[in-house]
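Input: a single structure, listed below in structure tokens.
The numbers here are math on the coordinates, done by the rules we state, and not lab data. From a predicted model like this one, the values you see are computed outputs, not experimental measurements. Note that we place each Cβ from the backbone using ideal geometry, even for glycine, and neighbour counts take in every protein chain shown.
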Amino acid sequence: MELKQFMSELASAAPTPGGGAVSALNGALAAALTSMVANLTHGKCQSSEDLVALQQLLTTVQQLQHELTAQIKADAEGFMPLAQAYRLPKQHPQRADILESALAGAVCAPLKTLQLLAQLVPLLEQLLTQANQLVVSDVGVAATGCSSASQAAALTVYVNTRLMHNRKHAATLNAQTAHLASANVASCQKIYQQVLMQLT
């Protein structure tokens with residue numbers, strides 16, 4: 001889907017794409033920007049060890065970008081069974097079980113997004129010390145994107161877990177989500193502050 005079409009569908013009354021897709025897109029953009037910084041730093045490496053490390057980083061971040069982009073579609077696909085479950089008559093004998101299963105499915109993409117973003121954070125930390133100084137600001141921009149995407153993905157998990165009848169499972173998902181989101185945001189904030197100190 002092209003960006004113009006995505007924006008048009010996002011702005012419409014259709015239930016998808018929604019917040020989960022936006023968080024995945026923000027994460028993919030942060031990964032793409034990280035890749036740009038790495039590519040522009042490539043020729044500035046001072047040693048063969050730095051060059052190898054940067055090449056490994058590029059390979060990893062490009063894969064993360066691909067996987068985060070995939071979560072945009074995955075989020076919409078994860079929501080469809082939930083939308084169908086809500087349309088079932090309330091007297092349907094299996095409605096509660098179907099709804100519970102659909103809610104569990106709807107958290108998969110945002111939780112995966114959080115896990116992928118957790119893998120992006122150390123790459124940003126690595127680039128902070130290696131980056132071409134002309135694009136160090138972009139490390140900070142990527143960090144803010146990663147932070148925002150993490151917070152957004154967490155909200156998409158919570159909006160589904162709050163409706164689960166299995167509160168033990170919901171609590172497990174919430175704890176996992178909170179841990180990932182808080183760690184991502186805290187690390188990204190540190191990166192942003194370090195970039196800010198370099199620029200001011």
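Using equal-weight Cα scatterers in the Debye expression, the normalised intensity of region 94-200 in log10 at q = 0.14, 0.20, 0.22, 0.24 Å⁻¹ is -0.58, -0.90, -1.02, -1.15.
Counted without the sites themselves, the longest stretch of the chain free of trypsin sites (Lys or Arg not before Pro) in a DSSP loop having at most 15 other beta carbon atoms within 10 Å is 1-86.
If the only charges are +1 at each Lys and Arg Cβ and -1 at each Asp and Glu Cβ, what is the size of the charge dipole of region 19-199 around the Cα centre, to the nearest 20 debye?
Numbers: 10 positive and 9 negative charges, 143 e Å.
Using only the charged Cβ atoms, the result is roughly 680 debye.
Counting neighbouring beta carbons within 10 Å and listing from fewest to most, the residues Thr129, Thr60 come out as Thr129, Thr60. Across region 1-126, counting alpha-carbon atoms alone, Rg and Dmax equal 19.0, 69 Å.
By how many nm would the segment from Asp50 to Met7 grow when fully extended, if each residue of separation counts as 0.36 nm and the alpha-carbon distance is taken off? Walk me through the intermediate numbers first.
Numbers: separation 43, 0.36 × 43 = 15.48 nm, distance 3.92 nm.
Fully extending the segment from Asp50 to Met7 adds 11.6 nm.
Each of Ala143, Asn174, Ala118 was scored by the projection of its Cα onto the charge dipole of the chain, and the greatest displacement toward the positive side belongs to Asn174; charges sit on the C-beta of Lys, Arg, Asp and Glu. Residue exposure proxy: Thr172, Thr113, ordered by other Cβ atoms within 10 angstrom of their Cβ from fewest to most, comes out as Thr172, Thr113. Charges were assigned to the Cβ only: +1 to each Lys and Arg, -1 to each Asp and Glu. The resulting dipole of region 17-97 about its Cα centre is roughly 420 debye. Which one, Ser187, His92, Gln65, is farthest towards the positive end of the dipole of the chain when Lys and Arg carry +1 and Asp and Glu -1 on their Cβ? In the chain, that residue is His92.
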